[in-house]
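Below: one structure, written as structure tokens.
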Amino acid sequence: MDAQVRKMDGLKSGRGFSLSEVRKAGLSIYQVKKLGVYVDPRRRTLHEFNVHTLQTLIQERQRQLEEEAQRKMEREEVEEKEEKKKKKKEKKEKKKEVKKKEIKEKKEIKEKIEKRSLTEIKGVGKKRAETLEAAGISTVEDLLKADTEALAEKTGYTPEYIEKLKENARSL
């Protein structure tokens, strides 16, 4: 919408609004320029239809600004939700990694225990290890799982001694 100026044969588009039209519309020159509206400093006239045009431009621009602000808020809300989802997913993945690491560590510890020979237990030398192996106990884990009374019968050791061996095996 351009400013209109009167000519002898009717109205014609002008180069801009006059200062008096801008003031009557309740605007400053700064506000008008910010809206992208031209002001023609040579014009001295005041036409009500130009004032009305300026007021319409202002209302239209305010509506546009409100719509832009609303879209910006909606965009920010969507981005915020996406960010929360992303953080939640990262947290979940981190928990999975920690759990996998714990499982792996437990497995490694279990494997170490399983692979340990009986001679690593305090109080068990070659001869006692051979006796325990003859009774079906070949690893530390086997010893820990074994029934004390049954093992005592098979090896000829006292149940108290078997329990002492188990206690030593747990302290490895």
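The values are calculated or read from the model by the stated rules, or taken from the named source; none is laboratory data. Remember, it's a predicted structure, so these values are computed and weren't measured experimentally. Quick reminder, even Gly has a Cβ in these numbers, built from the backbone with ideal geometry, and neighbours come from all protein chains shown. For the accessible areas, the whole protein counts, side chains as well, though only heavy atoms, and no ligand, DNA or RNA atoms are used. Shrake-Rupley method; radii C 1.70, N 1.55, O 1.52, S 1.80 Å.
Quick notes on this one:
- Of the GluC sites (Glu not before Pro) found in the stretch 77-172, no site is in coil according to DSSP while having at most 15 other Cβ atoms within 10 Å of its Cβ.
- A run of the chain free of exposed loop cleavage sites, with trypsin sites (Lys or Arg not before Pro) counted only in DSSP states other than H, G, I, E and B and at most 16 other beta carbons within 10 Å, reaches its longest extent at 45-115.
- Dipole-positive endmost among Gln55, Gln70, Val39 within the stretch 35-101 (Cβ charges, Cα centre): Gln70
- Comparing the stretch 38-172 with the 2.2 N^0.38 Å rule of thumb, its C-alpha radius of gyration ratio is 2.89 (two decimals).
- Each helix, a run of at least 4 DSSP H residues, gives -39500 (n - 2.57); summed and divided by the residues of the chain, these come to -22500 deg cm²/dmol at 222 nm.
- Residue-wise HN-Hα couplings along the stretch 39-46, as the Karplus relation 6.51 cos²θ - 1.76 cosθ + 1.60 with θ = phi - 60° gives them from phi, are 10, 9, x, 7, 6, 10, 7, 9 Hz; Gly and Pro carry x.
- Rounded to the nearest 20, the Cβ-based charge dipole of the stretch 23-172 about its Cα centre (Lys and Arg +1, Asp and Glu -1) stands at 1100 debye.
- With all protein chains in place and a 1.4 Å probe, the accessible surface of the chain carries 50 percent carbon and sulfur.
- All lysines inside 18 Å of Lys91 as judged from Cα atoms, apart from same-chain residues fewer than 8 positions distant: Lys81, Lys99, Lys100, Lys101
- Zone residues, the stretch 14-34, relative to Glu66, backbone N less than 20 Å from point 7 Å out along Cα-to-Cβ: 26-27, 32
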